[in-house]
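The values are calculated or read from the model by the stated rules, or taken from the named source; none is laboratory data. Quantities reported herein were computed from a predicted structural model and do not represent experimental measurements. As a convention, Cβ positions derive from the backbone with ideal geometry for all residues, glycine included, and neighbour counts pool all protein chains shown. These accessible areas exclude ligands, DNA and RNA; they are computed on the full protein's heavy atoms, side chains included. Shrake-Rupley method; radii C 1.70, N 1.55, O 1.52, S 1.80 Å.
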Amino acid sequence: MTTLPILYEIFLESSGVSTDTRSVKENQLFFALKGDNFDGNKFAYQALEKGASHVVVDDKSVIPSIGDEHNAKKLAHKNRYLLVENVLESLQKLANFRRKQFSIPFIGITGSNGKTTTKELLRSVLSQKFKTYSTEGNLNNHIGVPLTLLRIPQEAEIAIIEMGANKVGDIAELCSIAEPSHGLITNIGNAHLEGFGGYEGVLRGKTELYQSLIKNNGTVFINSNDNVLMNMTKRFEKEKVIQYGTDNQENYYSAKLLQSVPTIVYQDEKDNPITTQLIGAYNFSNILAALACGKYFGLSNEQMNKGISEYLPKNNRSQVEERSNTKNTLILDAYNANPDSMKAALRHLEEMPSKEKQKVAILGDMFELGRKSFSKHKEILDFALQLKIDKLIVCGKDFTKAKTAGNLISSLIMSFNDKNELADYLQKNPINESIVLLKGSRGIGLETVADEF
């Protein structure tokens, strides 16, 4: 069996780590992970042929053996197979071993809403002074976090690790791998209810980050405007709690929201108005978190504001695009959705200055709500119908069921079973001169119809 120290030495000599033969690069260390429908062990030789330096496997039968006349070509690569008990556990242990080589701040971020935006804002702010590395894309689970840790360059001065969770215990596991020295929870909301078993489960799961910080004498950043999170401060030593928010004299950092439409403008601690490229009052708490972290790590007021004002939303998160040919304003927020973020996006749409444009909400199903799926989808429809929105279009079986079984007035809501039906309708009935919100869970794929606007 390959020991961890040997594995780490091979990692240091490699050009990085890969878990996918489709994208493996020259001299990378390939980990043959297993899934419900695949076994990476079967692709180990393919990874070597594509240039991997070594392959980490836990199935001894895929390693070429002497005497097999059909394996003459593969036998030449026999020493490049690294046998371990469990590939996933080896990846995680290697990542933790790598993390222990750094003495820099590691900031863990989790929460029901806004964790990716907060991560990006924090990176934009801290990069004004430090060599900052943060989670790429959505690599925030039990595989993604190890990959993130193994990608941190030696010269990094601060690391930001995003942590996602679907059930109780997930954040605890990720903390045991990443060992954050600092951390923040953006909020506790109604997300992944199916896996967590309800709001109380979400609360218990997300606050596992706090438990890790307490255990390791870490520092926590807490939104003083969030009563649920503030209730947790008594668990920490007072000097380990950094409060941020509005209208609280005990805050380490405070700012004031001046406007949220069309984009957020805030007043900083020195009473300067700062214009951002972010939409929605719901994003102000994310901005405050980044500003508090920036101040804590010694950035100047100017550096912090520059990091916030220069941040441009992307990756289908709170993106605003003006379409000249259709005269539409498109709000593309189709990366993720849950009841809380859906309501926040709908409120923002209602508050947007229309300039005689109609307001159209196109909503996709919210995933992983479990037994509460029907009630939560109906709740969103009831909520949307109370707002000053001109047209409501829903896409997906859950919203369609909530509309029909909920006995809602069908003339006010159009429903489609999937994105293909929706795209076909939009092509035949183009929407022009409108403010259009596209909001849904990633799995429904609403971003694919963005070009119709």
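Quick notes on this structure:
- Odd one out for K270, checked against (1) part of a helix (DSSP H, G or I); (2) at pLDDT 90 or above: (1)
- When residues of segment 125-139 are limited to those that are open to solvent by 10 Å² or more (accessible area, probe 1.4 Å) and modelled with pLDDT of 95 or more, the one nearest to L88 (Cα to Cα): Y133
- Residues located in segment 227-243, provided they are within 22 Å of F297 (Cβ to Cβ), open to solvent by less than 50 Å² (accessible area, probe 1.4 Å) and modelled with pLDDT of 90 or more: L229, F236, K240, V241, I242, Q243
- Screening K378, K343, K403 for residues that are part of a helix (DSSP H, G or I) and under 22 Å from A450 (Cα atoms) leaves exactly one candidate, K343.
- Subset of segment 359-391 (residues that are open to solvent by 10 Å² or more (accessible area, probe 1.4 Å), in contact with a helix residue (DSSP H, G or I) (Cβ under 7 Å, 6 or more places away or on another chain) and closer than 21 Å to G443 by Cβ): F367, E368, G370, K372, S373, F374, K376, K378, E379
- For first residues located in segment 2-14 and free of Cβ contacts under 8 Å to residues at least 40 places away in the same chain, partners that are open to solvent by 30 Å² or more (accessible area, probe 1.4 Å) and lie 6+ apart or on another chain with Cβ distances below 9 Å form the pairs P5/F97.
- Summed over segment 4-18, the residues that are at positive phi and β-branched (V, I, T) give a count of 0.
A quick yes/no check of all residues on (1) modelled with pLDDT under 95; (2) among the hydroxyl-bearing types (S, T, Y); (3) open to solvent by less than 30 Å² (accessible area, probe 1.4 Å); (4) over 15 Å from L7 (Cβ atoms):
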position: R22; (1), (2), (3), (4): yes, no, no, yes
position: N27; (1), (2), (3), (4): no, no, no, yes
position: F31; (1), (2), (3), (4): no, no, yes, no
position: K34; (1), (2), (3), (4): yes, no, no, yes
position: N37; (1), (2), (3), (4): yes, no, no, yes
position: A52; (1), (2), (3), (4): no, no, yes, no
position: V57; (1), (2), (3), (4): no, no, yes, no
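- Positions within segment 236-289 being on the phi > 0 side of the Ramachandran plot and either touching a Lys or Arg at 6+ places or on another chain (Cβ under 6 Å) or among the aliphatic types (A, V, I, L, M) (or both), in sequence order: none
- So L209, is it within 24 Å of G298 (Cβ to Cβ) and either without any contact (Cβ under 8 Å) to a residue 12 or more places away in the chain or open to solvent by less than 10 Å² (accessible area, probe 1.4 Å) (or both): yes
- Evaluation of E173 against (1) touching a residue at least 40 places away in the same chain (Cβ under 8 Å); (2) open to solvent by 10 Å² or more (accessible area, probe 1.4 Å) (one fails), failing number: (1)
- Members of segment 91-150 found to be in a loop (DSSP other than H, G, I, E, B) and among the basic types (K, R), listed by number: K100, K129, K131
- Selection count, segment 255-297, where residues are without any contact (Cβ under 8 Å) to a residue 12 or more places away in the chain and open to solvent by 30 Å² or more (accessible area, probe 1.4 Å): 3
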